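Report on one structure; see the data block that follows.
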Amino acid sequence: MLNAAKRGGTFPKEGVKKGVKKGAASVVGAVRERLSASFGAEKLRAMLRVASHPIDGFYEIRYRGKGSVPLAAVMAALFSACYTGNRIFASFVVNDVDPRSIDGLMEMSAIFVLLALFAAGNWSVTCLLDGEGRFRDIVTATGYALLPMIVTTVLAALVSQFIASGEEVFYTLIIALGVAWTAMLLLTGVMTVHNYTLLKTLATLILTVLAMFALVFFALLLADMIRQVYVFFYSVYVELAFRA
Amino acid sequence: MSNSRRLVAIISVVAVMLTQVSAFADASPYQSYTYDYRRNVVLTPAPYLPGTIVNGASLGIAPLSQPRDIAASDDGRLFIADTGNNRVVVTNATMTRAETIITEFDNNGVTDRFSAPAGLALSDSGELYVADSKNRRIVVLDPDLRGVVKIFENPSHDALPDDFVFTPLRVAVDYADRVYVVAQNMFQGIMVFEPDGAFTGFFGTINVTVSLWQRFWRAIASKQERANTRLFVPTEFTGLDVDPYGFVYASNMDPLGVKAVRRLNPKGEDVAIAGVSNNLGGDIAGVESGSYSGVSRIVDVAYQGRGIYSLLDSQRGRIFTYDREGDLLYVFGGLGGVAGTFRSPAAIEYAKAADGSQRLLALDYVRGDITVFEPTAYGALINEAVGLRFDGDETQAVDKWRDVLRLNENLELANVGIGKAYLTAGDNKTAMRYLKLGMNRQYYSIAFKRYRNEILKDNLGWILTAAVSLAMIIAVIRAIKRRKSGGADETGLMSDA
């Protein structure tokens, strides 16, 4: 990982050196450095490679520092935007969503929470089961795996503009392909970053789902307890306020 | 002084607020609405408004006592089954005075009386069919309402239990004088009598539906538990009407609130069509909460004409009107204490007014009165537009639908009506716009397909030309490249070797 940061950082180093003399330029240089470390051509190429050569791609992410968590976050945001866009713009023939019920920000936060929950759940399971992947690798794999669905939701919305009823199968097929591809990538991703066998991956994925439920449960429990503590202190305050 | 001034100020403020609350400025004591494609309530102008109220006082007779049914003749007379008073009241053609009060009649030389007459029907020849419930018979009176033509009683059939007691509640008669009877505790269906009085069997039986979940519980329940659970018996029919083609409309209380009316063909098969919402049960369940909630309890059905029929809901006092295609046209009415609302609605009937408009008569059995609802411009336009479509005159219907849209821009039905007409006329693009506004996917798709073909046909020439020339250009470029790099490849191969 250190390697990766260095390598990502080597590229705009001259800019940084020059920027030391001029304040504004140094800020610009630093930003450029950070950006290229996260979203540089090398990172983008690694992400595209994941979609076409998943096993090699995920291996490079895990062991050669080619992954980028910010890029994974951008992919998740992009996916949520495309998902919402599909719900809005897919043609009337295939789209039964009430446009008034669509809330892009709500959907984005839901998708982020779900993905974060998956990553956290998977990490907590694989930690105990000899998984080699770090949390950042899981996050990266999850985000990168969304690429096919980003492409297919947009493509399907485009195709839907040209189909009539009876031809919905083209639309559904594209969507289904995207889902299948993403599922395959997610499976391969988990398998590769943890260096698991297929069977073990499937088992940990089932455990991951259970862990996600457990996390939700604990989160709700925690929230409730915090509320109770708050209510306790608040009632103490009220008591004091009325007695004083 | 200042107090009264303040009062005036408050009243005027409230008055201003009230006028702003009612979006449609008519003096309607209820809200009228319909459901859109997404099952949202969409308020509409009132399709019908209450007019005169007919009761004992207005007719100049003793008050009606728990009347259970009404029937209207073509000449405008109204027949009221005054159940509690054991009589049938017949009004004059304007429904202002009681013309005849039938308390006794001549039964083959013997003076006879009714006992709790509950249902009424008029045949095409003007004979009055009375479901004489406590006398356990159907009495048919001649058009002069003096003598008995025939009496249907003591039905016997293999399907009837020996201890069966015939208590007719509703009666209907078709153009061939076949008689359809809804009897108390008769779960097998509607009883059908031939004109000669023979009971021929049951009709339109409602099948019991047992959900998988109920089946599961029954399967794991013990014998004792099973005996204690409620029996799965079919619901009884509540109301009857017959259209001029001999189809029987029969209403029932559907506990699921999705299928409260059946349109039965002469074989007794249900041929009612449910529209896009797939619901013929009044209010779409789950829209309200509290004591006012629950599915609609449909107690009567009335055929208006040209495929349109109405259902009466006693739960919330509303009247639902559907067209032949099962689309909900409009909903109006409500429970309450002011004129035009109900306490306990029991029956509805359509009556043609002198000006040709279809008036709706609704009977309230606790109050013992009949409210006459007159169609508004909005309601009349919808009836006419739907009727024109029923007659197959789509082009004339469009003008009516346009007028409807002017009164209620959000009515999907009107948009679909106009869209279909454009589709027939060949203007596919405009048709697409209206059909999408009307949320009709099926017809939108047809319009879209035709529009797509149009565009393809118009542009296929240059699209193909462009495609062919592009292919040729690519082929030429490739050929040139190959010639250029061809030598390199060969040298490459040679150098490898």
Taking 0.36 nm per residue of separation between B:Phe216 and B:Lys134 and subtracting their Cα-Cα distance, the length gained on full extension comes to 25.3 nm
Distance in nm between B:Thr465 and B:Asp112 label points, each 7 Å along Cα→Cβ, equals 8.9 nm
Residues whose modelled amide H sits under 5 Å from the amide H of B:Asp369, counting only those 5 or more places away in sequence or on another chain, are B:Asp364
Debye equation applied to the C-alpha atoms of region B:221-373, log10 I(q)/I(0) at 0.09, 0.15 Å⁻¹: -0.31, -0.79
For a bin width of 20 Å, list the pair-distance distribution of the protein assembly as shown built from all Cα-Cα distances, rounded to whole %. 12, 29, 28, 20, 8, 2, 0
Rounded to the nearest whole Å³, what is the per residue volume of the convex hull around the Cα atoms of region B:352-402? 89 Å³
Distance between the C-alpha centers of region A:180-229 and region B:150-190? Whole Å please. 65 Å
For region B:349-490, just say rounded, prolate or oblate: build the C-alpha gyration tensor, square-root its eigenvalues into a ≥ b ≥ c, call rounded for a/c under 1.5, and beyond that prolate if a/b exceeds b/c, oblate if not. prolate
Quick check on the exposure proxy: order B:Leu470, A:Leu177, B:Leu240 from fewest to most C-beta atoms within 10 angstrom. B:Leu470, A:Leu177, B:Leu240
Cα centroid of region B:80-126 to Cα centroid of region B:197-212, whole Å: 30 Å
Extended-chain gain in nm, criterion 0.36 nm per residue less alpha-carbon gap, B:Phe164 and B:Asn265: 33.7 nm
Can you divide the C-alpha Rg of region B:48-375 by 2.2 N^0.38 Å and report the result to two decimal places? 1.00
To the nearest 10 degrees, how steeply does helix B:2-21 sit against the main Cα axis of chain B, on a 0 to 90 scale? 60 degrees
Peptide B:446-455 - average C-beta neighbours from other chains (10 Å radius): 2
Ordering B:113-125, B:78-90, B:31-43 by per-residue average of other C-beta atoms within 10 angstrom, highest first, gives B:78-90, B:113-125, B:31-43
Let me know the shape class of region B:397-445, please: from the alpha-carbon gyration tensor, a ≥ b ≥ c as square roots of the eigenvalues, rounded when a/c is under 1.5, otherwise prolate if a/b is greater than b/c, or oblate. oblate
Cα gyration tensor, chain A - rounded (a/c under 1.5), prolate or oblate: rounded
Pairs on different chains or at least eight residues apart, Cα atoms closer than 20 Å: how many lysine pairs in chain B fit? 11
Between the helical axis of B:428-437 and the dominant principal axis of chain B, each derived from Cα atoms, what acute angle in degrees is found, rounded to the nearest 10? 50 degrees
Using helices alone, I'd like the mean residue ellipticity at 222 nm for chain B: each DSSP H run of four-plus residues gives -39500 (n - 2.57), total over residue count, nearest 500. -10000 deg cm²/dmol
Testing the spin-label approximation: label points 7 Å from Cα along Cα→Cβ at B:Val476 and B:Ala274. State their distance in nm. 6.4 nm
In nm, spacing of pseudo-spin labels at B:Val258 and A:Ala214 (7 Å Cα→C-beta vector): 4.1 nm
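All of the numbers you see were taken from the coordinates with simple rules; none came from a lab. Since the model is a prediction, treat every value here as computed from it, not as a measurement. A quick note on method: Cβ atoms are made from the backbone with ideal geometry, for glycine too, and the neighbour counts reach across all protein chains shown.
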